[in-house]
Amino acid sequence: MATEVPDPHQLHAALQTAVLKCSERCLYQAAKWAAEALTSMPPLVPQNDTPLPQTYLHPTSSYENEAILQAGELPTYLLSKSYFDVHEYDRSSAVLANCRSSKSRFLHLYAQYIAGEKRRDEESEMILGPLDTAATQNREVQSILSSLEAIFTEKGDDINEDDSWLLYLYGIVLLKQKNEDEARASFIKSVNLYPYNWSAWLELGSTLGNLGDLNNILQSLPNNIMTNIFVLYSNQELYQTSDPVHAQLADLQTIFPTSTFLKTQRALLYYHAREFDEAEAIFDSIVKADPHRLDCLDHYSNILYVMERRPKLGFIAQLASATDKFRPETCCVVGNYYSLKSEHEKAVMYFRRALTLDRGFLSAWTLMGHEYVEMKNTHAAIEAYRRAVDVNRKDYRAWYGLGLSYEVLEMHYYALFYFQRAASLRPYDPQMWQAMGSCFDRMNRPSEAIKAYKRALISPTNTSPDTAVLLQIGLMFEKLNNQKEAARWMEMCLKEEDENSGVTQATSKARMWLARWEFVNQNWTKAAEYANELCQDGQEIEEAKALVRDLRSRMEVGKM
Amino acid sequence: MSRYLTSGKIALLALVELYAESRFPNQSVVPVLSFVIRHLVSPKENTAFILTLEHIKSATLHQPSAVVGRTIFDLLLKKLWEINSFDALHTFFANIQTYLIEPERADKSPVRVHGEKSMLSRTSVLGCFVRRAALEYVRLQFHDAVSLWRSFIAYREPTLAMWKKRNLGAGPMSFDVNLKGMGFSDGVVGVVYGRGKESRDCTVSTDDVERLLEFQVDSMQRMGTRIPDDMQAQLGQMLSTNVTTPALTHYVEFLNSWRSGDYPGSFDNLHRYFDYTMHNRDRTFYQYALLNLAILQADFGCYRESILAMQETINTARENKDMACLNFSLSWLYHFHKAHPQDCPDVISSRMERESLQFLKAKAKEGGMHHLQSMAHLSEAKQILVGGESIPAAFESILRSSHLNVTKNIHNAMGSQILLQSSLWSRMGISYLSWMNCELFLSKYRVDSPIEDVVKALCRSAYIMSLRGKADEALERLDQVDQECLRTLKVYQYWATYVGLLKLRQAMYKGDAAAAEMLLQQLSASPYVEPDCALEISICRLDLLARRGNYSAALTAIAQLSEELVRDRADIYHRIRVMVIKADLLSKCGRTVKGLSVAISAATIAWRSRLLPALFQAFRTIANILIHMGEFSAAYSMMDNIMPQVLECEDAYLNAQCFSCLADAQMGLAGAKKGAGRNECLHRALEFIDRGFAEYSRIRDTKSQMTLMSQKARIQDFTGEKSLRDDAVKWYKQLKKGG
């Protein structure tokens, strides 16, 4: 996708306006994002000829009708906004009931929506409690939807930039009703009308299930720098770690050189590609530059978890908890720390806390599932994973975890489905394919298992094949009574041992298999060679020794 | 504030770990471990509540370790500085548990081999400490654990210089390994550790504070003292740092306001304390609450309320089968009944007769409550004395109590026992032994005894000294009292009454009627005085009236007093003393026959109960009456016979009175004789007058001195020794001038 470098002055002004507009409409996260983007740009050379830019003031609508309406409703609007700011949502909404401007209408409906969300949170039960079914709904959705539809029919095709917020809200409520296609269309309309609302982009991203969806909508997106950022973000979310994505990121970083958001994206790309050292270094620099920043620290903790950097993880947990004890990110970091120290009960406690703070916090659900697996509570683990998947269908770890849990329960057919989902999200992750292969194996479908295992051998990062996979393929061929092919794979396994991996359990097994095979084929010397090697390897010695004895007697018999 | 863990405990844990790693050579094991144990088991001295690194340093710096050239403190430093991140602290706590013996292998008793890792038994003191510490750490929430870590950093910081000596790489940031390559100005450091701001949250834990409060309660309850002001301030500061105040604070507050005489305050705090402890379901506190309430009510003079509360206590204790509480309540009720019989309802009075004491003794013995048993024996002895019964029986009871005190090591009952013994001696007229008992107690048992007993002994000994005519010394002795003790209201009142009494006596003897009147008013204004003080005050009042010659008022007063004493079934000694004074007054009013009969009956009772000072008083009164009736020789021989024992009583006033009585008898005898016989009698009389004068001058009784002087002058005049007579007259004039 072509990246045209926008005029920094224009972009500056646009982002400034975006901050003001978003915060005026109480879209705090979007405002925060825009402001961060704004400050991450290189400072502008002040131009003497322009007086104070208009954007420092109240940004008025560029459409006359709307501007007049807004000016008339300003006092009421300000009242409503101040109610909103002190969390009196119903009151805030009620004040604006009869207003006509798009801005007021948006806040009226948005406050109603937030009030509904708040009520929903209050009504829902304890996390994973007996009555917690995740079915609690936002009761305001239906009425918001009908009011929005009324507004749109009234306006017809005459919609402008100011209506983009209404479209955004429309998308949200549609999404709540699982009406994804229409929601996506609504978001696309919204970002086309006004591209600087990051929240709309985020919601749009959450409707994309896979790369195909992204490619489908690419054409209908506006030609704007925000689109580029969005595409990058979506690629990251969809685990695309290819070089073009990195290049795109580098391009964006020339415009926003100090953006922590972009740095985080880079770190996450490395994380998805399992290049933990790079990811860690980037996160390290982010933490140093902005120690109070908690966003995405949970991912950082995941990285440290995988790298088993206990002291550092403890330190990051300390840092997060010093900034804010009651942020879901903090709780996740602390939970991860306890998990790494094998204190799973405490870890679960902190994940629960994270979820109480934010029920939609994806990583907490997944991580809680992992903890339950560790605690051998498979049923709870399945529920936690399921919730994670319900929140975000792009989390392959949750799908994979679901599959593993079902495998533990010996429900292989079920497990297979989840592994397939995980593999579709991470087509180049051998782990998924391997899991799928073993599932096929258990279900006595060796030929499919072979296909899955062969797929596992294709890995973009790791060029040398995994010996365990080779062994499994061999064993599958044995199951298919194709002994010769099996022997071929076993030999490949041994070859791999010589070249790369060294002696592992898999290679020993392969060698044992080969020894037996040669034994059956009465190829005594070859068999003896394998068996003797086995004795040296130190694995399965007893069996190997027995084989050696047997061979010796047989060879003596042969000589006589 | 953490519940249990503090930085000091981490340091102790590190020491324990060093010990378990067998890093202590044999000669260091005992001193270092006893240092550790002293800080784990409830400490007795209050310096040990907050354990600083300095304490540890001084205890371990001179102990060699198993590593050559290193002291144990060096190893400890290494251990502490190796905890170089929050994670390391976590690991430290996880690791320390590996030194505990697994329960499965517990049957094999561990043999300590030098140089090998030695395991700690799970139930040993150290093992319990390790287990508790590890458990408390697991209980900590993440941010609590972090604040423990931060306080540990602050705690360890002062040793950085020493650590640097061994480890050249150490720098100001080496407290956390994660900060490598950063400086204090780094934002991350500021966020995580605060800019140079040290958190002092975990220097004391709830556990420490509880121990501190227990210490307070213990010393307040056992000794009856109050907390000194500066200590109170410090305690308040410590408690203000945390959110969870132990409920015991309210109890300390209660005791404090009780001792200071703040009635509403103490009620408030007692109720608050029990309200906050209600949720501890494992123990019902109701009877103890009632017990405290009853004692409190009694202390503030609400006797009826107090009785009702105590009855409720007894019922509740019976319901809950709490024998300790029940026995204590019964014993208390018994004493209360003895002290305030007029306030007890009849139901209780009838129950509280002798059987109840027997019952108490039996119960206390059954329950192994030695303190109570010892107290019961003392009560028995007291009862015997009060009833004027067999002295040997009283001695036997005291001896039993003493035996219990000595064999069971009951320190704080010693005071009551010795005081009782002292009063027994003084009732038998052996004043020296009585005084010595008091002094013995003061010099040997002062530390472990309740303040009340100490002050009582002090007052008693001062009183005996004043009887001997050393009033100034006695007052000085009273001034020596520890001012800290007097912060307790009751003790102060007791002490002040004695000071007042001594001063009152002095003023009376001096003839300073105005001052005496003033002091008397002050003394009678005080509402709660002990019965013996009350009697002394009444006697002084009577004395004052008699000295002013207001006999009719004195007679009415004494009639009322004796009535009250009979009503209250008061001590027989008191009753006899009043009788003797009554006889004295009667004889002075000229109703000698009635006086004689009263005096004789008093003497009979006093003899039967072996109350010798009272007996001698009675004899003197009888002798006076005999002299009035002209039976001089009978009077003289009677007095002459008892004189040696009277002198043993060391009561200057009594001595003086007896001597003047003897002189009067001799004068009477002289009147009946002629010539040499008369002269002999006169000279004897002069001799007695001189001795009496000497006794009077000890107590500075000017009026009596003047009487004796005028007598002497007249005798000298009669014998015609002018110069001696003039001397006597000069003396008289000098005394009159106000000598």
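Where a number appears in this text, it was derived from the coordinates with a stated rule and is not lab data. Note that the structure is a prediction, hence the values are computed from the model and not measured. Cβ atoms come from the backbone with ideal geometry, glycine included; neighbour counts cover every protein chain shown.
Based on C-alpha coordinates, I'd like the Rg and Dmax of region B:403-534, in Å.
15.4, 53
Please say if region A:228-280 is rounded, prolate or oblate, where rounded means a/c under 1.5 for a ≥ b ≥ c the square roots of the C-alpha gyration tensor eigenvalues, and otherwise the choice is prolate for a/b larger than b/c and oblate otherwise?
Note, shape of region A:228-280 comes out oblate.
Would you mind getting the Kirkwood hydrodynamic radius of region A:290-400 from its Cα pairs, rounded to one decimal in Å?
13.5 Å is the Kirkwood radius here.
Less than 11 Å from a label point 7 Å out along the Cα-to-Cβ axis of residue B:482: which backbone N atoms in region B:431-460 qualify, by residue?
In region B:431-460, the label zone of residue B:482 (backbone N under 11 Å from the point 7 Å along Cα→Cβ) covers B:446-452, B:454-455.
Can you give the relative contact order of region B:7-177 as a percent, counting alpha carbon pairs under 8 Å and 6+ residues apart?
Result for region B:7-177 is 27 percent.
Shielding by partners for A:315-328, please: the mean number of other protein chain Cβ atoms within 10 Å of each residue's Cβ.
Partner-chain Cβ atoms within 10 Å, mean over residues of A:315-328: 5.
With each pseudo-label sitting 7 Å past Cα toward Cβ, what's the residue B:396-residue A:139 distance in nm, one decimal?
So the label points at residue B:396 and residue A:139 sit 8.8 nm apart.
What is the gain in length, in nm to one decimal, between residue B:569 and residue B:510 on full extension, counting 0.36 nm per residue of separation less the C-alpha to C-alpha distance?
Extra length available between residue B:569 and residue B:510 comes to 17.8 nm.
Whole-Hz ³J(HN,Hα) for each residue in region B:388-396, computed from phi via Karplus 6.51 cos²θ - 1.76 cosθ + 1.60 with θ = phi - 60°, x for glycine and proline: what do you get?
x, 9, 4, 5, x, 4, 4, 4, 4
Work out how much length residue B:38 to residue B:553 would gain on full extension: take 0.36 nm times their residue separation and subtract the Cα-Cα distance, in nm to one decimal.
Full extension from residue B:38 to residue B:553 adds 178.7 nm.
Evaluate the Kirkwood expression for the hydrodynamic radius of region B:547-620, namely the inverse of the mean inverse distance over all pairs of different C-alpha atoms, and round to one decimal in Å.
Kirkwood radius, region B:547-620: 12.3 Å.
What's the ranking of B:379-385, A:25-31, A:84-90, B:179-185 by average number of surrounding C-beta atoms within 10 Å, highest first?
Going by the mean number of other Cβ atoms within 10 Å, highest first, we get B:379-385, A:25-31, A:84-90, B:179-185.
Measuring from a point 7 Å past the Cα of residue A:243 along Cα-to-C-beta, which residues in region A:394-436 have an amide N at less than 19 Å?
Once the point is set 7 Å along Cα→Cβ of residue A:243, A:428 turn out to lie under 19 Å by backbone N, inside region A:394-436.
Within 10 Å of each Cβ in A:284-292, how many Cβ atoms from other chains are there, averaged over the peptide?
Per-residue shielding by partner chains comes out at 3.
Counting Lys and Arg as +1 and Asp and Glu as -1, what is the net charge of the other residues whose Cβ lies under 15 Å from the Cβ of residue B:129?
So the surrounding residues net to +3.
So what is the diffusion coefficient of chain A in µm² per second by Stokes-Einstein at 37 °C and 0.692 mPa s, using a Kirkwood Rh over Cα pairs?
121 µm²/s
Can you figure out the FRET efficiency of residue B:321 with residue B:141, using R₀ = 45 Å and their beta-carbon distance, to the nearest 0.05?
Using R0 = 45 Å, I get an efficiency of 0.65.
Would you mind giving the mean number of other chain beta-carbons within 10 Å of the Cβ of each residue in A:341-348, as a whole number?
Neighbouring Cβ atoms belonging to other protein chains average 2 per residue here.
Just order A:439-445, A:144-150, B:699-705 by mean Cβ neighbour count inside 10 Å, highest at the front, would you?
The most tightly packed comes first, giving B:699-705, A:439-445, A:144-150.
From Cα coordinates alone, what are the radius of gyration and Dmax values for chain B in angstrom?
35.7, 122
Can you pick out the pairs among A:312/B:79; B:503/B:736; A:346/B:57; B:510/B:582 whose Cα atoms lie more than 27 Å from each other?
Listed pairs above 27 Å: A:346/B:57.
Let me know the shape class of region B:632-738, please: from the alpha-carbon gyration tensor, a ≥ b ≥ c as square roots of the eigenvalues, rounded when a/c is under 1.5, otherwise prolate if a/b is greater than b/c, or oblate.
Note, shape of region B:632-738 comes out oblate.
Going by amide H atoms built from the backbone, whose H comes under 5 Å of the H on residue B:120, apart from near neighbours?
B:100, B:101
If the cut-off is 26 Å between C-alpha atoms, which lysines fall inside it for residue B:365, apart from same-chain ones fewer than 8 positions away?
In chain and number order, the partners are B:321, B:338, B:382, B:408.
What do you get for the angle between helix B:370-386 and the principal long axis of chain B? Use alpha-carbon atoms, 0 to 90 degrees, nearest ten.
Taking Cα atoms only, the helix is inclined about 10 degrees.
How big is the Cα convex hull of the protein assembly as shown in projection, averaged over all directions, in nm²?
Mean projected area for the protein assembly as shown: 81.1 nm², to one decimal.
In whole angstrom, how far apart do the alpha carbon centroids of region B:308-326 and region A:487-510 sit?
Region B:308-326 and region A:487-510 have Cα centres spaced 84 Å from each other.
Hey, what D do you get for region B:623-672 in µm²/s if you plug the Kirkwood alpha-carbon radius into Stokes-Einstein at 37 °C and 0.692 mPa s?
Here the translational diffusion coefficient equals 306 µm²/s.
Could you state the angle between the C-alpha long axis of helix B:612-628 and the longest principal axis of the C-alpha atoms of chain B, as a value from 0 to 90 degrees rounded to the nearest 10?
Tilt of helix B:612-628: around 20 degrees.
Assign one of three labels to region A:430-542, namely rounded, prolate or oblate, based on the Cα gyration tensor with a ≥ b ≥ c the square roots of its eigenvalues; rounded applies when a/c is under 1.5, prolate when it is not and a/b is larger than b/c, and oblate otherwise.
oblate
For chain B, find the longest principal axis of its Cα atoms and tell me its angle to the long axis of helix B:551-567, 0 to 90°, nearest 10.
50 degrees
Compute the separation of the alpha-carbon centres of region A:53-127 and region A:202-235 and state it in Å as a whole number.
Answer, in whole Å: 28.
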